[in-house]
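Colleague: Please find one structure pasted underneath; my questions will follow.
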Amino acid sequence: MMRDLRRFWPPLVLLAAFHAAVVLAGFLAPYDYAEQHRDFPYAPPSRIHLVHLRPYAESPDGKSYPIEFLVHGRLFGVRPPGVVFLLGTDGSGRDVFSRLLYGGRVSLLTGLAAALLSLVLGTALGTIAGFFGGWPDQLLMRGGELMMALPWFYLLLAVRAFLPLHISAVEAFALLIAIIGGIGWVRPARLVRGVVLAGRENGFVQAARGFGAGSPYLIRRHVLPLTFPVVLTQATVLIPQYILAEVTLSFLGLGVGEPVPSWGNMLAEARQYHTIVEHTWLLAPAIAIVPLLLGFLLLADALSGQQVST
Amino acid sequence: MVPEPLLSVRNAGKIYARRHWLGHGRETTALEGISFDLARGRTLALVGPSGAGKSTLARLIAGFEAPTTGEICIEGRRVAGLQPQVQLVFQEPAASLNPRFTAAEIVCEPLVIQKRGGRGSRARLAAAAMEKVGLPGAELDRHALEFSGGERQRLALARALVLEPRLLILDESFVGLDLSAQAQAVHLLLDLQERLGLTYILISHDLALAGQLADEIAVIESGRIVEHAPAREVFAHPQHPRTRELLEAALALAPGGLPV
């Protein structure tokens, strides 16, 4: 038991760090995500000298500026006209580090919200199908198979084509969540249905029925708790999958639009070969996503290990 | 005047029809022409091989299902649906307890479902029910899994008693208990019967166990009662070949002789 609990700490710490970083973007990022430094497009990461009596940063203009901490509500920064770019700038001279933090908000929140939508839909529909059986079961499961058979990527392109060319960032964000989450309910629904199907045959469910319990009571008190382990494990699998889906869609220009950053549309700028070769710092989101996904997968692993041991 | 029996079963039958959407379906006769009376405070054992229809009869009496033919009356009123005065203690008590629940939640559950009383009165009733079956009230916070097999059976019994039933149907409730736990359970049931004036229907395939508890024994085979007599009578002069078979099986397992 103790050994299993210890396995939860590394992924939880890792994920907590990522989420804290994006939630605190307004404090940790030295610049706003849309702030452009037109004089310094594609500036490489600034050299930082921390081990010094007064830590200083080398600006792309060749001068050095002392780093100031906790000024103007930011963790750090330099006094203008100096600039500090931890991860360089993009073609418009926007700080990649700041955009990475703000863009993480969109990517992580899409993953969480879409997974929540999928799980709520999947749990509700799977429970109804498994508990009541009969035609609702047939309808939901055949419908689910149809959903799985759909080439959802092309469906997505088609849906996007029906909408106006330019939609606001908030609308695009809501659309992303609705589409990713709305398509993904099938797998959790099938898993939950299986658990409910077996769970409703439990002696204690029959006994409660014998005391006169109705379906809402049986589902709420006896059947739904049985599905929690499955739902939890599904969450840790779906969230990283959906974060990747957001990155993919935004990369293709189907997600939130400029100037709002997301890890997907930041990478879109790195799609050119010469960019990758000459401005490697633009790949920062692609590198940031690796430990994030690893965190979720380690958590899923720890959870499944926990279930085997109990 | 003969007192009105607590339970009266008149010509009850149950046919399960498996309908096919193209017309002809198959019918299975589970019970046929079952009639008997059971007086207050008595114990009837329904004995028979697996699949004879014992559990179906239990479900009909408890009101889980309606009989296809005939009628079942409790205290002169026809059974239609579930009723609190008849409680069924399920096969394998361990499986009928939700492992996530505490003893208090388990024992209170019938009250919660029936929306009886408030939190305080439920807790009092649960503690009283635990007391009745000889489990200390201090154990109300423990989870079902933490109890031993015999204790779980008592827990299931306490849960059935909390609604203050008149008739308790024990459907193979002793399966999976070791002999000493079984003996304790028999003792407890006899004690409860004396104190609370309960009537029991004991369902078992074990004639030896039936002999320890029952006043009368009914042997069921293929959905019919083939022999129904006082327990002593059944042991002394078994009439039906099936009864003799069951008796021999019971004797073979109890070389010291039957406790009747």
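Each reported figure results from applying straightforward, stated rules to the coordinates on display, with no laboratory input. The model shown is predicted, which means the values in this text are computed figures rather than measured ones. Note: ideal-geometry Cβ built from the backbone for every residue, glycine included; neighbour counts use all protein chains shown.
Colleague: Can you tell me the FRET efficiency between residue B:142 and residue B:184 if r is taken as the Cβ-Cβ distance and R0 is 25 Å, rounded to the nearest 0.05?
Modeller: For R0 = 25 Å, the calculated efficiency reads 0.85.
Colleague: May I pose another question? Over chain A, what number does the Rg to Rh ratio reach, with both radii from the alpha-carbon atoms and Rh per Kirkwood? All intermediate terms of the calculation are to be shown ahead of the outcome.
Modeller: Values: Rg = 24.0 Å, Rh = 22.1 Å.
Reported Rg/Rh (Cα atoms, Kirkwood Rh): 1.09.
Colleague: Give me the dipole magnitude in Debye, nearest 20, for chain B about the Cα centre, with unit charges on the beta carbon: positive for Lys and Arg, negative for Asp and Glu.
Modeller: Here the size comes out at about 880 debye.
Colleague: Label-point separation (nm) for residue B:85 and residue B:222, each offset 7 Å from Cα along Cα-to-Cβ?
Modeller: Between residue B:85 and residue B:222, the label points sit 3.7 nm apart.
Colleague: Give me A:239, B:72 sorted ascending by neighbouring Cβ count inside 10 Å, so fewest comes first.
Modeller: Taking fewest neighbouring Cβ atoms as first place, the list is B:72, A:239.
Colleague: Okay, next question. Considering only B:63, B:118, B:76, give the residue with the highest GNM mean-square fluctuation for chain B, with springs between Cα atoms whenever their separation is below 10 Å.
Modeller: B:118
Colleague: Roughly how many nanometres apart are two label points built 7 Å out from the Cα toward the Cβ at residue B:196 and residue B:37?
Modeller: Reported label-point gap for residue B:196 and residue B:37 is 2.6 nm.
Colleague: May I pose another question? Cα axis of helix A:9-23 to longest principal axis of chain A: angle in degrees, 0 to 90, nearest 10?
Modeller: 60 degrees
Colleague: Continuing with this model, one more query. To the nearest 20 debye, what is the magnitude of the charge dipole of the protein assembly as shown about its Cα centre, counting +1 on the Cβ of each Lys and Arg and -1 on the Cβ of each Asp and Glu?
Modeller: 680 debye
Colleague: Further question: Rounded, prolate or oblate: which fits the protein assembly as shown when a ≥ b ≥ c are the square roots of the eigenvalues of the alpha-carbon gyration tensor, with rounded for a/c under 1.5 and prolate only if a/b beats b/c?
Modeller: prolate
Colleague: Which lysines have a Cα lying under 29 Å from the Cα of residue B:54, excluding residues fewer than 8 positions away in the same chain?
Modeller: The qualifying lysines are B:14, B:132.
Colleague: Considering the options A:41, A:70, A:18, tell which one lies farthest towards the positive end of the dipole of the range A:2-78, charges being +1 on Lys and Arg and -1 on Asp and Glu at the Cβ, about the Cα centre.
Modeller: Ranked along the dipole, the leading option is A:18.
Colleague: With a sphere of radius 14 Å drawn around the Cβ of residue A:278, what net charge do the other residues whose Cβ falls strictly inside it have (Lys, Arg +1; Asp, Glu -1)?
Modeller: Result for the local shell: -1.
Colleague: Just name one of B:145, B:64, B:112: the one whose Cα is farthest towards the positive end of the charge dipole of the range B:54-202 (beta-carbon charges, Lys/Arg +1, Asp/Glu -1).
Modeller: B:112
Colleague: For peptide A:200-207, how many partner chain Cβ atoms fall within 10 Å of a residue's Cβ, on average? Intermediate values should be presented prior to the final figure.
Modeller: Working: counts 0, 0, 5, 10, 13, 2, 6, 14.
Across A:200-207, the average partner-chain Cβ count within 10 Å equals 6.
Colleague: Tell me, what are the semi-axes, in whole angstrom and largest first, of the equivalent ellipsoid of chain B as set by the roots of 5 times the Cα gyration tensor eigenvalues?
Modeller: Those come to 30, 24, 18 Å.
Colleague: Next question, about the same structure. Considering only C-alpha atoms, what is the centroid distance from the range A:120-148 to the range B:132-189, in Å?
Modeller: 38 Å
Colleague: Can I ask one more? Taking 7 Å along the Cα-to-C-beta vector as the label spot, tell me the residue A:232-residue A:293 distance in nanometres, rounded to one decimal.
Modeller: With each label placed 7 Å out from Cα toward Cβ, I get 2.5 nm.
Colleague: Measure out, as a whole number of angstrom, how far apart the alpha-carbon centroids of the range A:1-78 and the range B:7-83 sit.
Modeller: With the range A:1-78 and the range B:7-83 each reduced to a Cα centre, they are spaced 76 Å.
Colleague: Kindly put A:192, B:162, A:13 in sequence by how many other C-beta atoms sit within 10 Å of each C-beta, fewest to most.
Modeller: Fewest to most other Cβ atoms nearby, the residues stand as A:13, B:162, A:192.
Colleague: What does the structure give for B:94-104 when I average, per residue, the other chain Cβ atoms found within 10 Å of the residue Cβ?
Modeller: Whole-number average of other-chain Cβ neighbours for B:94-104 is 4.
Colleague: Follow-up question, since we're still on this one. Computed on alpha carbon atoms, what radius of gyration and Dmax characterise the range B:93-164, expressed in Å?
Modeller: So, for the range B:93-164, Rg and Dmax equal 10.7, 30 Å respectively.
Colleague: What does the charge dipole of the range A:2-78 about its Cα centre add up to, to the nearest 20 debye, if the Cβ of each Lys and Arg holds +1 and the Cβ of each Asp and Glu holds -1?
Modeller: About 420 debye.
Colleague: Using only the alpha-carbon atoms, how far is helix B:103-113 inclined from the longest principal axis of chain B? Give it as 0 to 90 degrees, nearest 10.
Modeller: 70 degrees
Colleague: Quick one: angle between helix B:149-161 and the longest Cα principal axis of chain B, in degrees between 0 and 90, rounded to 10, please.
Modeller: 90 degrees
Colleague: Hey, in the GNM for chain A with a 10 angstrom Cα cutoff, which one of A:30, A:41, A:55 fluctuates hardest?
Modeller: A:55
Colleague: Between residue A:5 and residue A:116, what is 0.36 nm times their sequence separation minus the Cα-Cα distance? Round to one decimal in nm.
Modeller: Length difference between fully extended and current span is 37.5 nm.
Colleague: Continuing with the same structure: Please find the FRET efficiency linking residue A:138 to residue B:16, where r is the Cβ-Cβ separation and R0 is fixed at 22 Å, and quote it to the nearest 0.05.
Modeller: The pair residue A:138/residue B:16 has a calculated efficiency of 0.45.
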